[in-house]
1. Tell me yes or no: at least one residue of region B:209-222 is in contact (Cβ under 8 Å) with a residue 24 or more places away in the chain and among the charged types (D, E, K, R).
2. Quick one: would you say B:Phe83 is under 20 Å from A:Val126 (Cα atoms) and more than 12 Å from chain A (Cβ to nearest Cβ)?
3. Just name the residue that is farthest from the other protein chains (Cβ to nearest Cβ) out of those in region B:60-80 that are over 21 Å from B:Gly112 (Cα atoms) and of a type in the set (D, E, K, R).
4. Does B:Val126 satisfy being surrounded by 19 or more Cβ atoms within 10 Å (Cβ to Cβ), closer than 20 Å to B:Ala68 by Cα, more than 9 Å from chain A (Cβ to nearest Cβ) and of a type in the set (Val, Ile, Thr)?
5. Out of all the residues in region A:103-123, is one or more without any contact (Cβ under 8 Å) to a residue 12 or more places away in the chain and within 24 Å of B:Gly159 (Cβ to Cβ)?
6. Give the residue, chosen from A:Ala209, A:Ala261, that is within 14 Å of chain B (Cβ to nearest Cβ), of a type outside the set (Phe, Trp, Tyr) and without any contact (Cβ under 8 Å) to a residue 12 or more places away in the chain.
7. Just to check your reading of the model, which residue among B:Pro6, B:Pro46 is at pLDDT below 95 and away from every other protein chain (no Cβ under 14 Å)?
8. Of everything in region A:92-132 that's touching a Gly at 6+ places or on another chain (Cβ under 9 Å) and in a loop (DSSP other than H, G, I, E, B), which residue is farthest from the other protein chains (Cβ to nearest Cβ)?
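The values are calculated or read from the model by the stated rules, or taken from the named source; none is laboratory data. Small disclaimer: the values here were computed from a predicted structure and weren't measured. Neighbour counts run over all protein chains shown; Cβ positions are idealised from the backbone, glycine included.
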Amino acid sequence: MQADLRAMAARIRPGMRIALPVDYAGVSMAMTRPLIAHGAGDLDLVCVPTGGLQVDQLIGAGLVRGVETSAVSLGEAGGAPRFNQAVQDGAIRLRDATCPAIHAGLMAAQKGSSFMPMRGLIGTDVLRHRDDWRVIDNPFDTGGDPIVLIPAIHPDVAIFHAPMADRFGNVWIGRRRELAAMAYASAETLVTVERIVEYNLLADEMTAAGTLPALYITAIAPAPRGAWPYGLWGEYGTDTDELIRYARAARTEAGFAEYMAQEVPA
Amino acid sequence: MTPILPRETLIFTIARLLEGVRLVAVGASSPIPAAGSMLRRALDEPSRQVRLSVLGSVEHNFFTNGSAELFDSAGQGRLDAFFLGGGQIDGQANVNLVGVGDYPATSVRWPGSFGSAYLYFTVPRVILFREEHTRRVLVEKVDFISAPGTSPEGVYRPGGPVALLTSKALFRFDKARPGFTLDSVHPGHSAAEIAEATGFAYDAPAAPTQTPQPDAATLSLMRGRVLTELAETYPAFAADWRRDLAALVA
């Protein structure tokens, strides 16, 4: 295991709130095993806006206290087995959300506001089970018009994977703006990248537009194919066979442990 | 008459339901809605532009503002149509994407509500699509409301369901009643079979029509351009479809 990945994982302390991206946006799978080896538990995960393999593995490893998410699944490989088991056992505190509510909570944090109003949700059981959300009457309307308020989501740490960073600490995220939203909202942001380039990403307007400046970044480590078995946009596709292999293995606790004990291909 | 695959009937039906849309979005794990949307785009190409965003596609996704942009476009009123599935769908068009039994420790857990609790409210033409047509899926009352079929007066609700499409039939949704009406039965199925497989009450005409089938030109568009476009995002589904077509000829 790479020393720099271990050092990044060591920044996580028990009880922290961790933001993780949706499977197609750039999941730092390279950080999953270092996080498990480090072992800081009681984590509250925020899936932006849904979770998959990484979330399932952190739950399987017993590091997770709560999950705020709009969904957790392995996509084409089916349901997330350790998540589903934990739900059935009542082993994790669930905060079911809907995708734009997670975005709204991060947006509030990004603006330094305490909440964001959001349409939809009225009459759903999603809302009914969220004691942290509020419904008010639209103050700009003459009467009625209920609207939901989503409190700001302030993760302690955001973790994601991107194609490249430069040696000045800037990270290129292209059009995956949810990665920027996660970083704006979080106190710290840990990033793994396919490669680190020598030139300044901000020096060229073409790359600058898709660059998250170093201001928001706490640490970066290179991790080639670091999203595997997920794909990384513009770089490589998803290894669905491996996701299926995991989905089968992780149906049982023992199968999960056996899978996780295997070496990860470089 | 060329034989037509059941999935081609579904794809064609979706394209029919999308008539007149300007922007349609397709969510995760939805090859048939994606193919139906691609067919609509191809059919309309000579006269008007249909914009299409397929989640997980690079080629058929023009959004540049991350995963929030789809929802923002819906909030702005730009998104005309979207698809929702559901582990359970009831006679009031309430959708459950969360699980069976008492929440939160549900005995069966599905992935979760995704964007349904927002898009069902904001997208004017939501098409409910679920291939499995059984009493397990089409229930009297859902165990968990991810998104409600209708809202009381005074709740902001420009969007909602217009139809429910399954492997057996097409239903239309009437939000005033509220409830479903059997619109047409797919070839190879009967009204009696549908009554048997549906767990909620619905209106049905005395003699329901058969679901329309694509003509030769539409079929060739579907098996040519649409199948090719679809393969980028759904290679496994496209390969399956090709295999079924090869078997038809043989």
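1. Scanning region B:209-222 turns up no residue that is in contact (Cβ under 8 Å) with a residue 24 or more places away in the chain and among the charged types (D, E, K, R).
2. Here the answer is yes, as B:Phe83 does meet what is asked.
3. Top of the filtered list is B:Asp80.
4. Here the answer is yes, as B:Val126 does meet what is asked.
5. Checking region A:103-123: at least one residue is without any contact (Cβ under 8 Å) to a residue 12 or more places away in the chain and within 24 Å of B:Gly159 (Cβ to Cβ).
6. Exactly one of A:Ala209, A:Ala261 is within 14 Å of chain B (Cβ to nearest Cβ), of a type outside the set (Phe, Trp, Tyr) and without any contact (Cβ under 8 Å) to a residue 12 or more places away in the chain, namely A:Ala209.
7. Working: B:Pro6 fails: at pLDDT below 95.
Of the residues listed, the single one that is at pLDDT below 95 and away from every other protein chain (no Cβ under 14 Å) is B:Pro46.
8. Once the filter is applied, the top-ranked residue is A:Ile92.
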